[in-house]
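The values are calculated or read from the model by the stated rules, or taken from the named source; none is laboratory data. A quick note: this is a predicted structure, and the numbers were derived from the prediction, not measured. Here the Cβ is made from the backbone with ideal geometry for all residues, glycine too, and neighbour counts use every protein chain on show.
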Amino acid sequence: MMDENEHSPLSHIPPSSLKLQLVRPTIKMVHDRKWQIDKVNPTHDLVICLRGGGNYYMEGNANPINLRPGDVMLIPASTRFRGTHFGGEEVFTGIAQHFTLQLFESDDLLSKMDLRPSVRMSSWPVLAPLMQHYRDSAPHGRTTVAQHHQFMVFLLAFLEEAFLGWQAKEQTPNSQDQLSVQIMQVASRLSADLMGADAYDVLDEVPYNPDYFRRAFKERMGVTPHKFRELKRMEFAAGRLGTGLSVKAVAAEVGFNDPYFFSRMFKRYLGASPSSYKPGGERGGTLSG
């Protein structure tokens, strides 16, 4: 059975559809026990605790958020928040990075997600030295291309752990914002349930004309829903081949009775033969069985 958690929330979004902007230089937080803050930021703010800790109270959250090393918190744009030192003598140090993340050039991606406000990063042992380097190397008064790439790594790691689902706001079906949400929901469903309902059946469940939605999906995602499902199926197959399974076994796992037909489809979508994805990366050869 395929794991529905195989794909992270952004794994199905074409990179060209996302636009990250760091709207101000990195804030290198150094707060002693007297530190307090009460403000509203016009853009999103990702706060990462490296040492010490702080207590945050966010508008709309009944309970305070207690940040300790390894905790990452998102303060959504236009959200009022208060912060205080958690107590004790250790200085609260970390990173605060203001940013925007646009989807399809105009939509705020994070506004379409239900997210936990803070998470303790399971990958902290790996990320901690990278985040410390990000803080130490951040230039004063400007941002760099390298920072954008590094911050995207941190942001994606946070979103993967904080993601609860795609929002379904009460909006008119003709709203472009709601259309984007529906496209993300369909893409998520097709990615997570590779052997489930036919892509055309999934389209019957959206509140749009199927032909119109299919065109909108292709415009934003680069392929039709049917081809998107097939692409994700082949990407899943590539991962399974990497574990050492035979081409025949993987073909059967993703619904192909004929491993030779599977091989042709695999190469059509991924541009290489299945054998090139097996351990050792051998090229060409015959299908193993």
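Being under 21 Å from LYS19 (Cβ atoms) and touching a Lys or Arg at 6+ places or on another chain (Cβ under 6 Å) is true of GLN102.
Let's see how each residue does on (1) touching a strand residue (DSSP E or B) at 6+ places or on another chain (Cβ under 8 Å); (2) part of a strand (DSSP E or B); (3) within 27 Å of GLY141 (Cα to Cα):
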{"site": "PRO42", "(1), (2), (3)": "no, no, yes"}
{"site": "TYR56", "(1), (2), (3)": "yes, yes, yes"}
{"site": "ASN63", "(1), (2), (3)": "no, no, no"}
{"site": "ASN66", "(1), (2), (3)": "yes, yes, no"}
{"site": "ALA77", "(1), (2), (3)": "yes, no, yes"}
{"site": "HIS98", "(1), (2), (3)": "yes, yes, yes"}
{"site": "GLU105", "(1), (2), (3)": "yes, no, yes"}
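On inspection, ASN5 passes the criterion of being outside any strand (DSSP E or B), at pLDDT below 95 and closer than 30 Å to ARG189 by Cβ.
Within the stretch 27-50, take every residue that is loosely packed, with under 14 Cβ neighbours inside 10 Å and of a type outside the set (S, T, N, Q) and give me the one that is farthest from PHE158 (Cα to Cα). Once the filter is applied, the top-ranked residue is LYS34. Can you say whether ARG268 is at pLDDT 90 or above, surrounded by fewer than 14 Cβ atoms within 10 Å (Cβ to Cβ), on the phi < 0 side of the Ramachandran plot and not assigned by TED's automatic domain parsing to the domain that holds LEU194, as far as the supplied structure shows? Judged against the criteria, ARG268 is a match.
If we keep just the residues of the stretch 20-40 that are part of a loop (DSSP other than H, G, I, E, B) and touching a Lys or Arg at 6+ places or on another chain (Cβ under 8 Å), which is farthest from ARG82 (Cα to Cα)? Give the steps one after another, and end with the answer.
Quick first cut of the stretch 20-40, residues part of a loop (DSSP other than H, G, I, E, B) only: 23-26, 32-35.
Filter again for touching a Lys or Arg at 6+ places or on another chain (Cβ under 8 Å), leaving 25-26.
Working: PRO25: 21, THR26: 19 Å.
Among residues in the stretch 20-40 that are part of a loop (DSSP other than H, G, I, E, B) and touching a Lys or Arg at 6+ places or on another chain (Cβ under 8 Å), the one farthest from ARG82 (Cα to Cα) is PRO25.
Kindly establish whether ARG142 is at pLDDT 90 or above and either out of contact with any Cys (no Cβ under 9 Å at 6 or more places or on another chain) or outside any helix (DSSP H, G or I) (or both). Spelling it out, it is not the case that ARG142 is at pLDDT 90 or above and either out of contact with any Cys (no Cβ under 9 Å at 6 or more places or on another chain) or outside any helix (DSSP H, G or I) (or both).
Could you tell me whether any residue of the stretch 171-186 is closer than 30 Å to HIS226 by Cα, outside any helix (DSSP H, G or I), touching a Pro at 6+ places or on another chain (Cβ under 7 Å) and modelled with pLDDT of 90 or more? Before you say what the answer is, go through the steps one by one.
Our first condition is that a residue be closer than 30 Å to HIS226 by Cα; within the stretch 171-186, this holds for 171-186.
Now narrow it down to the ones that are outside any helix (DSSP H, G or I): 171-175.
Going one step further and asking which of them are touching a Pro at 6+ places or on another chain (Cβ under 7 Å), we end up with 173.
Now narrow it down to the ones that are modelled with pLDDT of 90 or more: none.
Looking for residues that are closer than 30 Å to HIS226 by Cα, outside any helix (DSSP H, G or I), touching a Pro at 6+ places or on another chain (Cβ under 7 Å) and modelled with pLDDT of 90 or more, one finds none in the stretch 171-186, hence no.
Selection within the stretch 194-231: residues that are touching a residue at least 60 places away in the same chain (Cβ under 8 Å) and in a loop (DSSP other than H, G, I, E, B). The member of this set that is surrounded by the most Cβ atoms within 10 Å (Cβ to Cβ) is LEU194.
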